[in-house]
Amino acid sequence: MRPRVARGFLATLRDVERSLALPLPRRVRILRELEFDLEEFRNRLVADGLPLEEANARALEALAPDRRALQELDRMHAPMYTRFARRVGGHRVRVAERTALVLATLAVLLLEAAPLVRADLLRAPSPFLLVVLGSGALLGATIVATAFRMWIKWNPEPPAGGLAAVLALSALVLATGLGGALVDLYRLAGVLERAPELASTLVPRWLVRDSALLAVSMLIALAGGLAWFVSTRWLAVVSGAHREVLGFDRARNAHPDVPGPGSAEDAHDEAHAPGSATSAHREPYAPGGATNAHPARAAIGHPLDATRGEIT
Amino acid sequence: MNDDGEKDFDVQGFARDIHELLVLSALREQAKHGYQIALDVENDSNGLFRFRHGTLYPILHRLEEEGMIRGSWSREGGRRKKVYALTTAGRRHLSGRTSRVQEIVSRLMRILRHPGEAPA
């Protein structure tokens, strides 16, 4: 069973999490490292005979990053794209992003159309095939944009809207393909009802045209579905790790005697978490234990402090 | 650059060097977790040096990025933990910078103990 004071760490971890504007996987890695170190630091001090509360406070004082440490971590772990964007300037990057998105859409359209042109399937296509190709190009652009936001730009927040759009466009493409083939078949049946002698000409043509429609729509929908599946799985794994570290819906941090996360007690912990990011503006926590009484202690703070003649 | 062709002494950089050297030195014998590094630095210096306010992590992560130390993750009792080990580059850096710190400190002591004397 975990000691009660672990909840103090939870509040600090949440503070740190909120203060880091980093991609979720990087935030999770930092939080995991911090969580383990805080607990082990505290446990070691307790084993050395320090009272639990004091050990807890000492661990937080030593390891919980203050505002400046968080800023440094933020700067250090910023994705390569963010660093590049900061150097180049926001406006120019936005223009470049939009241009790249338009080019990506056109590229997807060309990639879709090229095999169809080569197979001579676009000479007299089903009208639905053009809708499928257009939606497919949009889907491709959405996938590119979402992947860009998730794995190159590393947006801190998961792109829920982008993923929903990928799924919706994949469904639209598939529905257009299947529905279009049925409508084409219905029309063919109507024509053949009036002129059955055209069957030998129209049926093979319908077969080729709508096979292409079905094949293209299913392939595009499959690619979209796959992209959606991979992205959501990845997000689920990272979000799961995130929830695990921060103790949401996890029994690991729960204690039978205390209310769950989000309670009034949490708010109290949060407000009194020494060394936490939100308390960074206050005076640094000084537990004042026997080990703090070293007359010439040089607390290792920020290198900048040394220029003011004090290493604290 | 000064007259002897040395780079001007950078107090801020020196303080950072000290922090980095303390971390590298704590890892000299074996790989350790972040908290162990913090505790060992404090214990080895008899409480003279203590990491505060999480300043350890930017130092650790910068050293890792620079290839001086290598961080690796493992799992223990359902928890994931990160352990750091000194690399060959880190060992070299530690040795080189230790000599530099020694030189700076000895120059400083000479100035403090014998003010007004020109350095030998």
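Given the conditions (1) over 14 Å from the mean Cα position of the chain (by Cα); (2) among the charged types (D, E, K, R); (3) under 23 Å from residue A:73 (Cα atoms); (4) more than 8 Å from chain A (Cβ to nearest Cβ), report the number of the one that residue B:75 does not fulfil.
Of everything listed in (1) over 14 Å from the mean Cα position of the chain (by Cα); (2) among the charged types (D, E, K, R); (3) under 23 Å from residue A:73 (Cα atoms); (4) more than 8 Å from chain A (Cβ to nearest Cβ), residue B:75 misses just condition (3).
Determine whether residue A:63 is in contact with a strand residue (DSSP E or B) (Cβ under 8 Å, 6 or more places away or on another chain), within 12 Å of chain B (Cβ to nearest Cβ) and either within 26 Å of residue A:150 (Cβ to Cβ) or buried (at least 17 other Cβ atoms within 10 Å of the Cβ) (or both).
Spelling it out, residue A:63 is indeed in contact with a strand residue (DSSP E or B) (Cβ under 8 Å, 6 or more places away or on another chain), within 12 Å of chain B (Cβ to nearest Cβ) and either within 26 Å of residue A:150 (Cβ to Cβ) or buried (at least 17 other Cβ atoms within 10 Å of the Cβ) (or both).
Do you know which of the residues in segment B:22-32 that are more than 8 Å from chain A (Cβ to nearest Cβ) and aliphatic (A, V, I, L, M) is surrounded by the most Cβ atoms within 10 Å (Cβ to Cβ)?
B:23
Filtering segment A:161-192 down to residues that are more than 20 Å from residue A:126 (Cβ to Cβ) and not hydrophobic (A, V, I, L, M, F, W, C), which residue is surrounded by the fewest Cβ atoms within 10 Å (Cβ to Cβ)?
Once the filter is applied, the top-ranked residue is A:161.
State whether one or more residues within segment A:29-47 are in contact with a Leu (Cβ under 8 Å, 6 or more places away or on another chain), within 11 Å of chain B (Cβ to nearest Cβ) and in a loop (DSSP other than H, G, I, E, B).
No, segment A:29-47 contains no residue that is in contact with a Leu (Cβ under 8 Å, 6 or more places away or on another chain), within 11 Å of chain B (Cβ to nearest Cβ) and in a loop (DSSP other than H, G, I, E, B).
Can you tell me which residues in segment B:40-69 are buried (at least 20 other Cβ atoms within 10 Å of the Cβ), more than 7 Å from chain A (Cβ to nearest Cβ) and at pLDDT 90 or above?
The answer is B:41, B:59, B:60, B:63, B:68, B:69.
Only one of these conditions is not met by residue B:35: (1) surrounded by 14 or more Cβ atoms within 10 Å (Cβ to Cβ); (2) of a type in the set (Phe, Trp, Tyr); (3) more than 8 Å from chain A (Cβ to nearest Cβ). Which number is it?
With respect to (1) surrounded by 14 or more Cβ atoms within 10 Å (Cβ to Cβ); (2) of a type in the set (Phe, Trp, Tyr); (3) more than 8 Å from chain A (Cβ to nearest Cβ), residue B:35 is out only on (3).
The values are calculated or read from the model by the stated rules, or taken from the named source; none is laboratory data. Keep in mind that this is a model prediction, so the values were computed, not measured. Neighbour counts run over all protein chains shown; Cβ positions are idealised from the backbone, glycine included.
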